[in-house]
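The values are calculated or read from the model by the stated rules, or taken from the named source; none is laboratory data. Computed from a prediction, not measured in an experiment: that's the story for all the values here. Note that each Cβ is placed from the backbone with ideal geometry, even for glycine, and that neighbours are counted across all protein chains shown. These accessible areas exclude ligands, DNA and RNA; they are computed on the full protein's heavy atoms, side chains included. Shrake-Rupley method; radii C 1.70, N 1.55, O 1.52, S 1.80 Å.
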Amino acid sequence: MRILHTSDWHLGRSFHRESLLSAQEAFVDHLVETVRAEQVDVVAVAGDVYDRALPPVDAVALLDSALGRLRGAGARVVLISGNHDSALRLRFGSGLFEAAGVHVRTSPDLSWVPVLIDDVAFYGIPYLEPELVRHAWELPDRSHTAAITYAMDRIRADAARHRASVVLSHCFVVGGQASDSERDISVGGVAHVPLAAFDGVSYVALGHLHGRQRMSETVRYSGSPLAYSFSEVGHVKGSWLVTLGPETAAAADFVPAPVPRPVGRLRGDLEELLTSARHTPYEDHWLHVTLTDAVRPKSAMDRLRARFPHTLALSFDPVGAAPAAQPVRLSGRPEAEVALDFVREVRGEPAARDEEDLLRQAIEASRVKETMA
């Protein structure tokens with residue numbers, strides 16, 4: 001059996017206000033092509049299908065299209081909810097989907113009820129919020145470890161009856177490397193689940209962490225299909241193609257996904273960034289730029305975008321800048337003086353005369369408007 005392990009699609013997400021819908025559509029195209037080319041039997045989607053509980057309509061339409069196309073390409077689909085999904089909303093229509101070969105698992109109490117495909121048992125453990133299952137499952141404490149352990153004990157008992165077993169789970173396994181784009185799921189400071197909790201099954205398809213990771217030969221994160229933060233610079237995005245043989249352990253090969261636009265980081269003073277030929281490869285990247293100029297350059301973002309039109313984030317780390325000024329008195333001072341001090345503090349130099357005049361006019365106009373209100 002051939003399984004394509006993917007997760008964390010986050011349909012509906014934007015990247016620093018840039019829509020990712022076309023890039024997500026390209027990823028769905030790639031998945032469908034991979035299913036056909038590799039004769040994939042099952043696509044396992046390990047949670048965070050949507051980016052939020054109430055996804056935009058175009059994200060819902062894309063999921064509808066993706067599921068239909070994957071089935072049309074010949075694969076069954078097993079899908080669980082993640083911490084970004086609304087389990088109740090994602091569950092809608094799941095009974096009908098089941099008959100069509102799309103198996104949606106969002107209920108904790110179905111975690112150990114298998115989806116049987118050619119005598120391989122697929123178990124879907126949706127994101128388990130410990131507080132929601134603690135009392136029903138009589139857990140010893142309010143932790144992800146307790147919740148996952150409870151579900152896995154019951155899965156192992158059932159899996160012994162089948163030729164092979166695959167678990168989908170959305171959680172943070174000890175030793176995993178996080179990025180800036182995952183939502184914190186800690187409970188009382190504890191979010192991690194020990195790797196040993198997943199012993200005893202043929203393969204574990206994990207979701208939640210956005211970088212591909214091999215926790216063991218049979219426990220892996222596929223990562224997200226696209227970079228959703230600048231901390232993911234250098235990540236290779238894609239899916240695991242897993243082969244379950246009749247005798248041997250699961251074997252996995254990584255299938256890279258298309259990169260509609262790479263992400264990158266640049267650092268340096270503005271003039272060097274605008275003129276150096278060594279930065280030419282970054283002109284088509286989404287960029288986070290850190291400027292090191294001692295004095296904050298004027299119109300820095302506009303000037304950067306003249307060369308790097310996809311610059312999305314800008315920060316400043318001035319080299320040799322004077323120490324930060326001591327706190328100044330605000331109470332009783334004219335608004336214009338306070339505002340001009342702010343300009344001097346963030347820029348590193350006073351406002352120009354025309355800027356000062358404009359600022360004073362704006363403050364005066366605001367006063368007049370307030371008086372006339």
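Structural remarks
- Hey, residue 35 out of contact with any Pro (no Cβ under 8 Å at 6 or more places or on another chain) and farther than 13 Å from residue 225 by Cβ or not: yes
- Among residues of the stretch 3-16 that are free of Cβ contacts under 8 Å to residues at least 60 places away in the same chain and assigned to a loop (DSSP other than H, G, I, E, B), those with a Cβ under 9 angstrom from a residue that is open to solvent by 10 Å² or more (accessible area, probe 1.4 Å) and of a type outside the set (A, V, I, L, M), sequence gap 6+ or separate chain, pair up as 12/50; 12/51; 12/52; 12/55; 12/56; 12/58.
- Filter result (more than 19 Å from residue 86 (Cβ to Cβ) and basic (Lys, Arg)) within the stretch 20-59: 36
- Residue within the stretch 27-42 that is more than 13 Å from the chain's Cα centre (by Cα), among the basic types (Lys, Arg) and in a helix (DSSP H, G or I) present: yes
- One residue stands out among those in the stretch 204-218 that are farther than 13 Å from residue 172 by Cβ and open to solvent by less than 10 Å² (accessible area, probe 1.4 Å): the one that is nearest to the chain's Cα centre (by Cα), which is 205.
- Residue within the stretch 91-110 that is of a type in the set (A, V, I, L, M, F, W, C) and touching a residue at least 40 places away in the same chain (Cβ under 8 Å) present: no
- Residues that are under 14 Å from the mean Cα position of the chain (by Cα) and not charged (D, E, K, R), drawn from the stretch 46-59: 46, 47, 49, 50
- Listed by first and then second residue, the pairs with beta-carbon distance under 7 Å, at least 6 apart or on different chains, first residue in the stretch 264-281 and surrounded by 10 or more Cβ atoms within 10 Å (Cβ to Cβ), second of a type in the set (Gly, Ala, Ser), are 270/300.
- Of all residues in the stretch 282-307 being among the charged types (D, E, K, R) and assigned to a helix (DSSP H, G or I), the one that is surrounded by the fewest Cβ atoms within 10 Å (Cβ to Cβ): 302
- Flag for residue 314 being surrounded by 18 or more Cβ atoms within 10 Å (Cβ to Cβ), under 24 Å from residue 180 (Cα atoms) and at pLDDT 95 or above: no
- Among residues of the stretch 269-285, those that are in contact with a helix residue (DSSP H, G or I) (Cβ under 8 Å, 6 or more places away or on another chain) and more than 17 Å from residue 299 (Cβ to Cβ), counted: 2
- Residue match in the stretch 32-41 (condition: open to solvent by 10 Å² or more (accessible area, probe 1.4 Å) and on the phi > 0 side of the Ramachandran plot): yes
- Applying the criterion of being in a loop (DSSP other than H, G, I, E, B) and in contact with a helix residue (DSSP H, G or I) (Cβ under 6 Å, 6 or more places away or on another chain) to the residues of the stretch 50-77, the residue that is nearest to residue 93 (Cα to Cα) is 75.
- Residue in the stretch 184-191 that is touching a Lys or Arg at 6+ places or on another chain (Cβ under 7 Å) and in contact (Cβ under 8 Å) with a residue 60 or more places away in the chain present: no
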